[in-house]
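First the structure, in the form of structure tokens, and then the observations on it.
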Amino acid sequence: MEGWKKLLLEQLPLDRRLIFVHDREDLFSDEELVGQLKAKEISIFTVGDRAEFREHYEIQLEDPGEKWLYRYVGEGPFTFPFDMMAAHGIVELSLETAFPALSLAVLRELETDVLDVLAKAAQGLPGILSHKETCHFIIKKVYKLPYDTVETELEWIGFLIQVFDHSYPLTKVLREHIVEAVAVKSDISQELLSLISSKEAFLGYLQQEWQQFIHSHTGDASLLREKDPGQEQRHRLFHYLKGRIQHYFIEGKLIPVKITQASQLPLWAKIGVSQKPVRPMEDLEHLAGKINQLLALEKRHYKTWVEIASLYGQMKNIELQSGEGQQLVEEIKQKVNRLFKDWMLTGYGTLAGFSPYNKPVMVHHILPHMQYKREGKQALIVLDGMSFVQWKQIKQYVETDFILAEEGVFAWVPTITEISRQAIFEGRIPRGHLALPEEKAWQQFWNRDGVNPLHITFENHLAQGALEETALNALQKPNTKKAAIILRNIDVLIHGAIQGHQGMYAELEVWLRTNYLRDLLTKLVESNYLVYLTSDHGNTESTGIGRPHEGVLVNTSGERVRIYTGREFRDHAAKEYPSIPWSNEGLRRDHYYLLAEAGEAFTVKNKQVVSHGGMTLEEVVVPFVKIQQRR
């Protein structure tokens, strides 16, 4: 390891068994840094709930067998308890040592993968840069964005496509620098300049403008704005962008516009109308190309796998919808899972101690993330068993009414409800403590945050037919501030699927046409909830390889995972069947896990099933979506 990370690790007293760190910039939410600590057998505990922190610390004092780094993230008024500081001291991490020539206020907002690129670009800087000079240097040398050449509105929109297609998101301070610089030398409106604030705002603008562009071509005057002065500008805009936004429709980022006939449209524009997918194989090949580009990267981080999961979900959805491209999708799936398995065995174990504040990385980060946001009324919908494949199908039914900020989170492995969904509602690593009932765990989490028990609701439904508002406490109790809603529909479809994902697609389509979910989201938003939608695990298609007969030796016997009460039993079974012995790190120490290989299941030989429990991309990386009303 070289550069800034090496300098950072040198600030730590790695010879101590317990290390206490104030990590202001969240630097240890980095796979490589955490991997270096794990190589030295040091685990990370990110401090959130004080009671859990104290309990964990006291256990380490009684059982001095493990090494831990306790870290507090952020600038808040937190101090480690006096007895801990007196016994162990505290390390104040700082980027100043590694980047002495750059503005610390700018550096603090950057993610660690950006810092990796910056470290190389900043070598040999002749002197100390000011705040503005640092911003300019990073935007030009790291992001390589030509913001200083933008003068017209068309150039600004084209520039924003570069911004939001970039591998690294721009930080708030860099966005502000760009807007200030562009505003000085152009007459671009403040409304357009403000689109840099979020990808959702930018895509919302493009969607609205695209609808007007399409209807001006097709002559559907009823859908046009009256006396719209922007019509000519809009035509120039999309002709200017025509080669650059087509992939937004293929990837599901923009919604095709419904029209009665498309004969008057230019050929390139037909990808953005409701006849899509007109040529599904072209869409599938584009998505396969993007996935292959990501798989070819020298380093694939967790964010890479989230992007691949989203792209694969879109691919599979197009295949299920069109009936074409099965061979291409299967080839991509096998390649992805082969490389994902390699990463899971080395990189996945670094994620549990990441900070949840910027965005959740694993499912147990979701509640601490919601807590940190301080958004007032919040609703969490957990669609049990939903993978990115099902999400892409669901999205088509809700995207016209809502702004969807789509991210992805990692489920706990084994990807089963009693582990991964439990982790969601407890808001902490499973570790091995006695699990609480989910409703009680949800209530206790918010009770500790000072929320009155009367303002917390929890419900678990198999939603059938149209939405009945009276059946939902979240809608019937106006004083509710924290609402949890589990919908079991997809998990029921998984365990009843006899026609694979194709059969699930058809049955999910029937449920979606009841508009239960869309109406639920509408009512929650109208009740002033900020809504989050996620899943506890995904699902995958598999073929049976045979079912081990081990009786009481197995604690849990699933199609994609078997859980043993003794290591020797697990290891013996691993020799009998193609399988993956899985570490119990973060899980119960008295349980030992055996996962089926990708595409295989511990069930009757050659039986086709849809199941979960293993470590394929479809099972592990699930959607995490923030939902707001589309204005």
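Every number in this text was worked out from the coordinates using simple rules, so none of it is lab data. This one's a predicted model, so the numbers in the text were calculated from it and none came from an experiment. Neighbour counts run over all protein chains shown; Cβ positions are idealised from the backbone, glycine included.
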Lys pairs, the range 22-145 - Cα-Cα below 21 angstrom, 8 or more residues apart or on other chains: 9
Phi to ³J(HN,Hα) by Karplus 6.51 cos²θ - 1.76 cosθ + 1.60 over the range 157-166, Hz, x for Gly, Pro: 5, x, 5, 5, 4, 4, 4, 7, 8, 6
Nearby aspartates and glutamates by direct alpha-carbon distance to Lys290 (threshold 16 angstrom, same-chain neighbours under 8 apart not counted): Asp165, Glu251, Glu282, Glu298, Glu307, Glu330, Glu331
Under 10 Å, Cβ to Cβ, from Asn489 - net charge with Lys/Arg +1 and Asp/Glu -1: -2
Restraint check, Lys303/Lys440; Lys341/Lys607; Lys341/Lys373, Cα-Cα greater than 26 Å: Lys303/Lys440; Lys341/Lys373
Formal net charge of residues neighbouring Lys140 (Cβ-Cβ distance under 12 Å; K, R +1; D, E -1): 0
Summed residue charge, Cβ within 14 Å of Glu468's Cβ, Lys/Arg positive, Asp/Glu negative: -2
Phi-based couplings in Hz for the range 332-341 (Karplus 6.51, -1.76, 1.60; Gly and Pro marked x): 5, 4, 5, 5, 4, 5, 5, 6, 5, 4
Binned Cα-Cα distance frequencies in the range 280-346 - 5 Å width, integer %: 3, 18, 31, 24, 14, 7, 3, 0
Value of D in µm² per second that Stokes-Einstein yields for the range 91-213, Kirkwood Rh from Cα pairs, at 37 °C (0.692 mPa s): 210
Table column - 3J(HN,Hα) (Hz), the range 314-326, Karplus curve with 6.51, -1.76, 1.60, x for Gly and Pro: 5, 4, 5, 5, 5, 4, 5, 6, 9, x, 10, x, 4
P(r), alpha carbons of the chain - 10 Å bins starting at zero, rounded %: 3, 14, 24, 27, 20, 9, 2, 0
